[in-house]
1. Are any residues in the range 1-45 assigned to a loop (DSSP other than H, G, I, E, B) and closer than 23 Å to Arg115 by Cβ, and if so, which ones?
2. Can you give me the number of residues within the range 119-161 that are at pLDDT 95 or above, in contact with a Cys (Cβ under 7 Å, 6 or more places away or on another chain) and not charged (D, E, K, R)?
3. If the Cβ limit is 8 Å and pairs must be 6+ apart or interchain, which residue in the range 89-105 that is closer than 20 Å to Asn49 by Cα pairs with which residue that is part of a loop (DSSP other than H, G, I, E, B) and β-branched (Val, Ile, Thr)?
4. What number of residues within the range 118-141 are surrounded by 21 or more Cβ atoms within 10 Å (Cβ to Cβ) and not in a helix (DSSP H, G or I)?
5. Do you know which residues across the range 42-68 are modelled with pLDDT under 95 and over 30 Å from Pro95 (Cβ atoms)?
6. Is there a residue being among the polar types (S, T, N, Q), modelled with pLDDT under 95 and surrounded by fewer than 17 Cβ atoms within 10 Å (Cβ to Cβ) anywhere in the range 84-106?
7. From Glu144, Glu176, grab the single residue that is farther than 15 Å from Arg88 by Cβ and of a type in the set (Asp, Glu).
8. Test Gly113 against the stated conditions and say whether it is buried (at least 17 other Cβ atoms within 10 Å of the Cβ) and either closer than 28 Å to Leu184 by Cβ or polar (S, T, N, Q) (or both).
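The values are calculated or read from the model by the stated rules, or taken from the named source; none is laboratory data. If you're wondering where the values come from, they're calculated on a predicted model, not measured in any experiment. Here the Cβ positions follow ideal geometry from the backbone for every residue, glycine too, while neighbour counts run over all protein chains shown.
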Amino acid sequence: MVSKSEAELAVRTLLEYLEGDLSEREGLLKTPKRVIDSWDEVFAGYSQNAEDILEATFNGEGYDGIVLLRDIEFHSTCEHHLQPFKGRAHVAYIPVDRIVGISKLARIVELHGRRLQNQERITKGVADDLEAHISPLGCAVIIEAAHGCMQCRGVAKQNAIMTTSAMRGVFFEKAEARAELMQLIHNRPL
């Protein structure tokens, strides 16, 4: 395990690669510490696990319809270029006996987002966790995101949005369940 001081030294080395001598720039003197402190927060997903988030469930009281939390804002960091990406996730499930608090759906997206990632892994990871910990009749995760690595480098496409999905159980097997889910996601009454 790398110590915090070793990590700060690594950031200093990168800054010297970019800037040269840092001893003259007041604004950069404490940047290595600020970067590592920031990363401790941005990458907090490594210190969390899905079981702790999804362990508390409630009696579903016979509810057997779609539970959907849409437009969950998230941000993450691309593992390929260390560029940010952000977007929104739509997370749905159909309970069998137990339901989870709605904040838990947002927290599970947050857990996966706060790691070095790719969008496909976040999508799959959230669906895997829902299946493993609440055993729903079906679950679905749809993520739409804009990627910094596409916007500020390479092809430089400012408005490109990547969409990924994971459909499990009835959402995969039954077209009518998928269609109802998509209607709920695209219905914007509020």
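1. Going through the range 1-45, the residues assigned to a loop (DSSP other than H, G, I, E, B) turn out to be 1-3, 20-25, 29-30, 43.
Hits for the range 1-45 are Met1, Val2, Ser3, Phe43.
2. Within the range 119-161, residues that are at pLDDT 95 or above, in contact with a Cys (Cβ under 7 Å, 6 or more places away or on another chain) and not charged (D, E, K, R) number 2.
3. If the second residue must be part of a loop (DSSP other than H, G, I, E, B) and β-branched (Val, Ile, Thr), the pairs left are Ala92/Ile66; Tyr93/Ile66.
4. Count: 5.
5. Within the range 42-68, none qualify.
6. Taking the range 84-106 as the starting set, the residues that turn out to be among the polar types (S, T, N, Q) are 103.
Add one more test, that the residue is modelled with pLDDT under 95, and what stays is none.
No.
7. Details: Glu144 fails: farther than 15 Å from Arg88 by Cβ.
That would be Glu176, the only listed residue that is farther than 15 Å from Arg88 by Cβ and of a type in the set (Asp, Glu).
8. Here the answer is yes, as Gly113 does meet what is asked.
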